Amino acid sequence: MSTREDIITAMLDLGEEKGLANVSLSDIALEVGIRKASIYSHFESQQAIIDAMLRHCHEELGKRSFLVGFKAK
């Protein structure tokens, strides 16, 4: 997994645990094991991380929805 993906995953995990409004860039950096300033090499802002996380979730939902049968047996 790339650092960018690790940051997205950390935002998702920490957001679930603490609520998105309570997740700081320092929290993400600690979770990923990088310096806070390094996050800016991958994202321009915390909002950009949230946007990427939401896109990631939407893509995953799209992939998984095709695995679920919608017809009753």
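Hey, can you find the accessible area per residue of the chain for me, probe 1.4 Å, expressed in square angstrom?
74 Å²
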From the coordinates shown, Cα Rg over 2.2 N^0.38 Å corresponds to which of (i) 1.11; (ii) 1.19; (iii) 1.30: (iii)
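For the chain, what is the mean residue ellipticity at 222 nm derived from helices alone (per DSSP H run of n ≥ 4: -39500 (n - 2.57); sum divided by total residues; nearest 500 deg cm²/dmol)?
On the way: 3 runs with 44 residues, N = 73.
Here the helix-only value at 222 nm equals -19500 deg cm²/dmol.
I'd like the carbon and sulfur percentage of the solvent accessible area for the chain, probe radius 1.4 Å, heavy atoms only, ligands and nucleic acids excluded. Intermediate results must be reported in sequence, preceding the final value.
Numbers: 2930 of 5410 Å².
So the carbon and sulfur contribution to the accessible surface is 54 percent.
Can you give the extra length, in nm with one decimal, that the chain gains between M1 and K36 once fully stretched, where that is 0.36 nm per residue apart less the Cα-Cα distance? Before the final figure, lay out each step's value.
Working: separation 35, 0.36 × 35 = 12.60 nm, distance 1.88 nm.
This chain segment gains 10.7 nm when fully extended.
The values are calculated or read from the model by the stated rules, or taken from the named source; none is laboratory data. All values reported here derive from a predicted model rather than from experimental measurement. Just so you know, the surface numbers come from the protein's heavy atoms only, side chains and all, with ligands and any DNA or RNA stripped out. Shrake-Rupley method; radii C 1.70, N 1.55, O 1.52, S 1.80 Å.
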